[in-house]
Structures are given as structure tokens and as C-alpha cells.
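> First the structure, then my questions, so here it is.
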Amino acid sequence: MSYAAPKDLVGLAFGGDYNPEQWPEEVWHEDVALMREAGVNLVSLGIFSWARLEPREGVFDFGWLDRLMDLLHAGGIRVDLGTPTVVPPAWFYRAHPDALPVSREGVRYAFGSRGAICHSSPAYQEAAARVTRALGERYGQHPALAMWHVHNEYGVPVLECYCDTSAVAFRRWLAERHGTLEALNAAWGTSFWGQTYGDWEEITPPRATPTVCNPAQRLDFARFASDSALANFLRERELLRELSPGVPVTTNFMVSPTQCDTIDYWRWGREVDLVTNDHYLVAEESRNHVNLSMAADLSRAVGGGRPWLLLEHSTSAVNWQPRGIAKAPGEMIRNSLAHVARGSEGAMFFQWRASRFGAEKFHSAMVPHAGTDSRIWREVCELGAHLAALAPLRGTRTVADAAVVFDWQSWWAQRLEWRPSEDLDTRERAEAFYAALFDRHLTVDFLPPDAENLADHPLVVVPALYLATAEAGRNLARYVEGGGTLLVSYFSGIVDENDAVHPGPHPGALRDVLGLVVEEFQPLRATQRVRLAPAPGTAAAGQERPELVGDVWAETVLTAGAETVWRYADGPAAGGPAVTRHRHGAGTAWYLSTRLDAGQLDAVLAAAAADAGLAPRTTLPRDVEVVRREGDAGRFLFALNHTATDAKVPLPGAGTELLTGERAEGALAVPGGGVRVVHLDD
Ligand code: GAL
């Protein structure tokens with residue numbers, strides 16, 4: 001996959017969502033003047049403008065957008081032009097009420113918000129294509145146009161639609177996936193509870209049922225929902241490619257599992273010319289910079305490691321969390337540059353100017369209600385200057401130390417009902433392992449289970465992979481055979497792509513590579529804890545392993561080739577293996593059979609990292625983040641200090657600090673809350 005930058009954009013991208021239709025035209029001129037003052041070079045325009053662009057069916061009003069495009073062009077500001085297909089106008093729904101989506105319980109959503117779309121609705125598809133074509137014809141060659149921004153955040157606020165039109169489309173999708181009804185019956189295990197289908201017409205979306213609905217049916221429906229939105233994206237993308245060749249087409253993702261859980265981003269990432277992502281901090285989390293880094297690493301991952309672009313975040317508070325906590329001074333700049341460190345080619349915001357009305361009027365913006373005599377505006381201008389100074393690193397790639405396997409489809413499957421414990425939580429495990437890696441200062445590449453490049457990473461961590469195909473299991477085994485170090489956590493490799501348990505004892509897809517059998521799951525009571533004692537003689541001399549405490553989950557594990565490194569000291573599996581290590585081929589596979597929090601995980605991670613030859617960077621405080629980007633343009637080292645105390649970061653050589661212009665050598669001083677970026681000498 002090649003990397004497509006916004007057309008004719010100089011330097012890194014800086015700007016935000018621009019919604020000028022909320023303001024009188026006089027304000028537009030002031031906007032452009034202020035954008036120039038702050039160093040803004042790109043804005044996302046027209047994302048919610050369908051009603052203004054097409055006030056009546058087939059009647060277009062482009063005058064206002066013509067003037068804006070020209071005004072921005074004259075001001076030297078490039079445009080990421082939206083197709084407004086996330087907000088069909090009121091007239092559309094009046095004519096096509098059945099294009100409003102229906103919930104699982106059978107409730108049809110109403111107009112008056114946004115994102116109310118049945119992705120299978122032919123009327124919606126036709127209307128979306130019409131407005132996209134009209135925009136493509138009108139602006140496809142406009143000199144201000146840098147990129148196409150299709151739709152907005154597919155997947156939220158609602159993706160799945162359970163209406164009759166969706167039922168027809170679901171059947172079509174199933175016929176393509178399974179071929180025959182017999183194959184579908186086998187894949188869904190419909191001999192259970194007498195669910196066998198004798199005719200395609202009998203199949204419905206997994207609507208509300210009296211008790212648990214067939215999990216394979218639900219999993220296929222989740223796949224179908226992601227695919228049906230993708231089909232709509234592809235339809236728009238193809239139109240735009242035809243009408244506007246050479247201009248990249250994107251749609252803004254929300255890859256953070258905290259923010260969107262319905263889109264299979266591994267599939268989607270391949271279809272955009274440039275991955276763009278929106279990320280919002282969970283303001284009340286004390287270490288929310290860790291989740292930010294995870295989102296940034298996922299953004300890079302779904303584009304196959306290419307640079308990507310942060311298309312939205314906030315200058316300060318958001319208005320949709322329980323409390324709109326303002327960012328502390330310097331936090332917005334640190335957030336922005338943390339994304340850049342992990343591959344973003346700039347920093348964009350929602351939104352340019354704070355709204356006076358509507359649902360988002362209490363959301364922060366680049367131009368806040370307080371105007372330009374404000375801390376936020378001053379920091380926005382400071383960030384503009386910083387991004388200009390960082391322009392030389394454009395096109396370089398973030399360097400990772402380890403990999404984490406994550407899979408959206410596995411997550412969807414695991415969280416369905418009637419699992420062995422309701423405390424099993426794929427997202428929680430992914431975030432906990434990520435935090436443990438972050439705390440060791442290991443930069444992470446996320447990979448899908450079938451990734452071909454596992455071997456590029458000395459350590460591959462699998463936090464929770466309930467659904468692993470037999471092929472994915474073989475892929476992980478090959479990685480270990482070839483010399484890699486694998487660390488797998490519990491309840492992984494259990495079912496195949498149809499949510500059917502792999503033949504033989506658990507964990508079917510990973511049994512051989514792990515060298516063990518899970519004889520019985522031992523879920524723990526809500527407040528129960530289990531103690532783990534290190535097995536004598538397994539640590540290298542002088543490296544005592546600590547006692548650990550697990551919760552949520554334990555297992556009766558029988559080793560079959562693996563050695564026991566920690567043993568359960570109490571609980572339902574007392575005396576049995578809790579953490580194991582298996583030499584397999586030229587590599588090593590570790591298994592952890594209970595839940596440890598991020599702090600406790602460190603001991604297991606340290607042991608696996610030692611096998612992988614990853615040296616600890618223990619001299620750095622936990623919340624001083626060091627990330628590297630490298631490429632033809634050179635080597636760049638980011639040091640982000642998330643603590644309030646000044647820190648010193650050892651440098652691998654001399655260089656120029658780009659934000660201050662000073663020379664740096666030996667130990668780099670990074671003020672509390674600050675960021676430094678060193679362009680290392682060749
Ligand atoms: C995003 C969305 C924006 C705005 C923002 C507020 O998810 O794309 O339009 O609503 O949230 O935080």
C-alpha cells in the first residue's frame with residue numbers, strides 16, 4: 001500500500017472541521033484571517049451540509065460553497081471536502097421514512113439528530129450517490145481541493161439496522177458468504193435448538209429474541225453491518241476517483257476500541273487512500289495519554305504502518321462526557337504531538353469555531369467562545385508554529401519494538417452472551433497489555449492474527465483472541481517456530497470463524513504452539529483473588545520472580561511440553577500451572593491463564609521480553625514517552641513528558657531539537673508537561 005498525502009499540502013496538516021454554514025458570511029473572512037494567523041493549512045468542510053447543498057430533491061445550491069472554496073484557496077488554505085452523506089435532509093426522510101434505521105428491539109429512529117441511516121436502503125444509496133456525484137463534478141478539479149472526506153465516522157452513532165430492507169440485504173450477503181443453505185446451517189450450527197432453515201426467506205436479522213440468539217447468526221450480522229457500510233463508502237469512493245483523479249479519498253475512522261466497536265478496521269484500512277482517525281480523550285482517566293497512544297498505534301496499523309492523519313481531536317473539553325473537563329495548559333499540544341510521534345502527519349480538530357447553537361455548543365474549539373484573547377487560542381497558535389517546525393519529518397515511519405495482535409471480529413464474538421464469565425472483556429485485556437507495554441517504553445505495532453509480518457517483531461503479544469481461525473493459529477505457530485517470542489493470554493484460540501469450538505481440548509487453535517491443554521475453565525467469583533507463586537528454578541540467577549495476584553479467571557492447565565513458570569498457590573486450580581513457557585521450534589511461547597492488572601502484568605511481560613532480547617529502558621520514568629520516527633528524511637526522537645516534573649531523556653546521538661532550535665546531545669531536558677523532538681544527526 002502506498003501512502004497518499006493530501007494533495008499539494010505543504011508540511012504537516014493543521015486545522016479542523018470547519019462549519020461556516022453556522023455563521024454569517026462576514027465571519028468567513030475573519031475565519032480565514034485567523035486561520036492564517038494560527039498557521040492553519042487544511043480544513044474539513046461540508047461534512048454536515050447536505051440540507052444546504054440540496055435544499056430540495058435534485059436542486060443544488062452551490063453558490064455559498066463556491067465562494068468558500070475560492071476564499072479558502074485565496075487564503076492558501078487547502079480543503080478536505082466532505083460528502084455530507086451522514087446527514088440526509090428532512091425532505092429525504094419525509095419521502096423515504098423507511099431509510100431510518102431500526103433497532104434490534106424494533107424501534108425506528110427519528111430524524112432530528114444525525115447519522116440515522118439504514119445502509120441497505122436503496123433510496124439512501126441513490127440519494128448519497130447523487131449528492132456525491134454533484135460535489136465531485138463541481139469541485140473535483142477545484143484548486144483548493146486536497147482530499148475527499150467521505151461521510152463521517154461510519155459505525156457511530158448507529159451501524160446495525162434490523163429493518164426488512166436490511167433483512168433482504170443480509171440474506172444476499174449470507175448467500176455470498178456461505179454459498180448454500182446447507183453450508184449456512186452447518187456454519188451456524190442450526191441443529192442446536194431446532195433452528196434449521198429450509199428457505200433463505202426464513203432468515204432474519206438477529207432481532208430481539210426471548211432468550212439468547214444464535215451467536216453465529218449475530219456474528220455474521222455484525223460482519224454484514226460493517227460490510228454494508230463499507231459498500232456505501234466504496235460507492236462514493238469510486239465516484240470521486242472517477243470525477244476527481246489524483247485526489248486522495250478518506251473517511252474518518254474511530255479506531256480506538258473505547259470509541260467505536262462496530263467497524264472491522266482491518267478490512268476498511270485497506271480501502272482508504274490515507275487513514276484518518278478521530279480521537280477523544282476520556283477526560284477523567286488519569287493516564288488517558290496511554291489510550292491516546294494506543295489509538296494512534298492502531299491508526300498506523302490499519303494503514304499497514306503508513307503515515308496517517310489525526311483528523312479530529314479537541315483543543316480542550318468535549319461536551320458528550322459526564323463532565324466536560326478542560327485540558328490543562330500544554331496538554332493539547334502534548335496530545336497533538338503524541339499522535340505525530342506515532343505516525344500522524346499533522347493534527348486537526350473538531351472544530352474550528354465554537355458553535356453558538358445546536359448539540360455541540362459546549363464543545364471546545366480552536367476559536368473558543370472566549371475569542372482570541374484566550375489560553376486556547378494562544379496554544380493553538382503555538383501548536384501551529386510547532387507543526388511548521390516539524391515539517392521535515394513528513395513521510396517518516398514510527399519504529400516499533402513489539403507487536404500486539406488485535407481483532408475486531410474476535411472481540412465481537414467474545415462479547416456475545418453466555419460466555420463462561422461475564423467478566424471476560426477483550427477490550428479491557430487489550431488496553432491492559434497495551435498499558436503494560438507502554439510502561440516498559442515499548443512502542444507497539446498492532447497486527448491482525450493472519451499478519452504476514454509477525455516475524456518483523458521479536459515479541460508478539462496476544463491479549464485476548466477468543467476467535468482464532470485454524471490458519472491464524474498456524475500463523476502464530478510459524479512465528480514461534482521461526483524464532484519469535486509469543487505471549488498469549490487466557491481464553492484465546494477457543495473458537496473458529498463461526499463461533500464453533502475448535503475440535504479437541506482448549507485452546508484448539510493454539511494448543512500445540514503453547515504446549516498445553518486447558519482441561520477446565522475456572523472463572524472466579526466477583527471479588528475472588530488467586531495467588532500465583534513463582535515456580536522454583538525457572539528464573540535466571542539474580543532475577544527473582546515476584547508473587548502475583550490474579551482475578552476474574554483461572555484455568556486447570558495440563559502442560560504438554562511447556563514448563564510451569566508460575567503456579568496457582570490457591571483457588572480452584574491450586575497447585576496447577578498459571579503461567580507457562582514452551583520452547584517451540586526456534587522460539588518461545590508463553591501462556592498466562594489468569595487476569596493480572598497492568599502493573600502485575602509487568603513481571604510476565606518482563607520474562608517474555610527477556611526471551612525476545614528486548615532490553616528494559618528502566619532509566620525513564622513511566623510517563624515519559626519516547627518514540628522514534630525514521631525514514632529518508634532522517635531519524636527523529638520524540639520525548640513527551642506526561643508528568644509535572646522535569647525529566648532527562650538519554651539521546652542515542654547528537655541532534656537539533658526542532659521546537660526550540662537548540663542543539664541537543666547526551667541527556668535531553670524535557671520540562672514537566674512538555675515535548676521535545678530531536679532531529680538526530682546522520
Ligand atoms: C466526533 C464527530 C464530530 C463531533 C465530535 C465531537 O465524533 O465526528 O462531528 O461531533 O465528535 O467530539
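Yes/no matrix, rows are residues, columns are (1) in contact with a strand residue (DSSP E or B) (Cβ under 6 Å, 6 or more places away or on another chain); (2) at positive phi; (3) of a type in the set (Val, Ile, Thr):
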site	(1), (2), (3)
Val627	yes, no, yes
Pro652	no, no, no
Glu662	no, no, no
Glu665	no, no, no
Leu668	yes, no, no
Leu680	yes, no, no
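> Kindly establish whether Thr372 is of a type in the set (S, T, N, Q) and within 30 Å of Tyr434 (Cα to Cα).
no
> Follow-up. Here are the criteria: (1) surrounded by 22 or more Cβ atoms within 10 Å (Cβ to Cβ); (2) touching a strand residue (DSSP E or B) at 6+ places or on another chain (Cβ under 9 Å). Tell me which single one Gly473 does not satisfy.
Of the numbered conditions (1) surrounded by 22 or more Cβ atoms within 10 Å (Cβ to Cβ); (2) touching a strand residue (DSSP E or B) at 6+ places or on another chain (Cβ under 9 Å), the odd one out for Gly473 is (2).
> Ala359: within 14 Å of the ligand (Cβ to nearest atom) and part of a helix (DSSP H, G or I), yes or no?
no
> If you don't mind, another one. Scanning for something small (Gly, Ala, Ser), assigned to a loop (DSSP other than H, G, I, E, B) and either under 30 Å from the mean Cα position of the chain (by Cα) or under 18 Å from Ala464 (Cβ atoms) (or both), does segment 530-545 turn up at least one residue? Spell out the reasoning first.
To start, the set of residues in segment 530-545 that are small (Gly, Ala, Ser) comprises 533, 535, 537, 539-542.
With assigned to a loop (DSSP other than H, G, I, E, B) added as a condition, the list becomes 535, 537, 539-542.
Then drop every residue that is not either under 30 Å from the mean Cα position of the chain (by Cα) or under 18 Å from Ala464 (Cβ atoms) (or both), which leaves none.
Taking every residue of segment 530-545 in turn, none turns out to be small (Gly, Ala, Ser), assigned to a loop (DSSP other than H, G, I, E, B) and either under 30 Å from the mean Cα position of the chain (by Cα) or under 18 Å from Ala464 (Cβ atoms) (or both).
> Those residues that are more than 13 Å from Ser489 (Cα to Cα) and of a type outside the set (A, V, I, L, M, F, W, C), I need them from segment 547-561; list them, please.
Once the filter is applied, which keeps residues that are more than 13 Å from Ser489 (Cα to Cα) and of a type outside the set (A, V, I, L, M, F, W, C), segment 547-561 yields Glu547, Asp551, Thr556, Thr559, Gly561.
> State all residues of segment 510-551 that are among the basic types (Lys, Arg) and either out of contact with any Pro (no Cβ under 8 Å at 6 or more places or on another chain) or closer than 20 Å to Gly575 by Cβ (or both); if no residue qualifies, say none.
Correct list: Arg525, Arg529, Arg531, Arg545.
> Which of the residues that make up segment 227-246 are of a type in the set (Gly, Ala, Ser) and away from the ligand (no atom under 16 Å from the Cβ)?
Ser228, Ala231, Ser244, Gly246 - these are the residues of segment 227-246 that are of a type in the set (Gly, Ala, Ser) and away from the ligand (no atom under 16 Å from the Cβ).
> Please enumerate the residues belonging to segment 497-511 that are surrounded by 19 or more Cβ atoms within 10 Å (Cβ to Cβ) and not in a loop (DSSP other than H, G, I, E, B).
His506, Arg511
> For the condition more than 16 Å from the ligand (Cβ to nearest atom), over 30 Å from Glu201 (Cβ atoms), over 28 Å from the mean Cα position of the chain (by Cα) and of a type in the set (Gly, Ala, Ser), what is the one hit in Ala167, Ala123, Ala134? Spell out the reasoning first.
Values: Ala167 fails: over 30 Å from Glu201 (Cβ atoms); Ala123 fails: over 30 Å from Glu201 (Cβ atoms).
After ruling out the rest, the residue left standing is Ala134.
> Right, next: Determine if segment 564-582 includes at least one residue that is in a strand (DSSP E or B) and surrounded by fewer than 18 Cβ atoms within 10 Å (Cβ to Cβ).
First, pick out the residues of segment 564-582 that are in a strand (DSSP E or B): 564-568, 577-582.
If we keep only those that are surrounded by fewer than 18 Cβ atoms within 10 Å (Cβ to Cβ) as well, we get none.
Scanning segment 564-582, I find no residue that is in a strand (DSSP E or B) and surrounded by fewer than 18 Cβ atoms within 10 Å (Cβ to Cβ), so the answer is no.
> While we're here: Residues that are away from the ligand (no atom under 13 Å from the Cβ) and modelled with pLDDT of 95 or more: find the strands (runs of 3 or more DSSP E) completely inside segment 247-351 holding 2 or more of those.
308-312, 344-349
> Please state which of the following conditions Ala541 fails to meet, knowing it meets all the rest: (1) buried (at least 19 other Cβ atoms within 10 Å of the Cβ); (2) out of contact with any strand residue (DSSP E or B) (no Cβ under 7 Å at 6 or more places or on another chain); (3) farther than 19 Å from Arg415 by Cα.
The number of the failed condition is (1).
> Okay, next question. Which of the residues that make up segment 630-682 are among the hydroxyl-bearing types (Ser, Thr, Tyr), over 28 Å from the mean Cα position of the chain (by Cα) and over 22 Å from Arg394 (Cβ atoms)?
Thr645
> Sticking with this structure for a sec: Mind checking which residues of segment 40-68 are aromatic (Phe, Trp, Tyr) and away from the ligand (no atom under 16 Å from the Cβ)?
Phe60, Phe62, Trp64
> Could you say which residue among Ser103, Ser44, Ser49 is surrounded by fewer than 16 Cβ atoms within 10 Å (Cβ to Cβ) and either at pLDDT below 95 or among the polar types (S, T, N, Q) (or both)?
It is Ser103.
> Same structure again: Looking for something under 25 Å from Trp553 (Cβ atoms), among the small types (Gly, Ala, Ser), in contact with a His (Cβ under 8 Å, 6 or more places away or on another chain) and in a strand (DSSP E or B) - is there at least one such residue anywhere in segment 585-607? Lay out the reasoning, then the answer.
Residues of segment 585-607 that are under 25 Å from Trp553 (Cβ atoms), as a first pass: 588-607.
If we keep only those that are among the small types (Gly, Ala, Ser) too, we end up with 589, 593, 598-599, 603, 606-607.
The next check asks that each one be in contact with a His (Cβ under 8 Å, 6 or more places away or on another chain); those that pass are 589.
From what's left, in a strand (DSSP E or B): 589.
Yes, segment 585-607 contains a residue that is under 25 Å from Trp553 (Cβ atoms), among the small types (Gly, Ala, Ser), in contact with a His (Cβ under 8 Å, 6 or more places away or on another chain) and in a strand (DSSP E or B).
Residue-by-condition table, conditions (1) part of a helix (DSSP H, G or I); (2) not hydrophobic (A, V, I, L, M, F, W, C):
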{"site": "Glu428", "(1), (2)": "yes, yes"}
{"site": "Leu476", "(1), (2)": "yes, no"}
{"site": "Ser492", "(1), (2)": "no, yes"}
{"site": "Glu519", "(1), (2)": "no, yes"}
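The values are calculated or read from the model by the stated rules, or taken from the named source; none is laboratory data. These figures come from a predicted structure and were not determined experimentally. All Cβ positions, glycine included, derive from the backbone under ideal geometry; neighbour counts span all protein chains shown.
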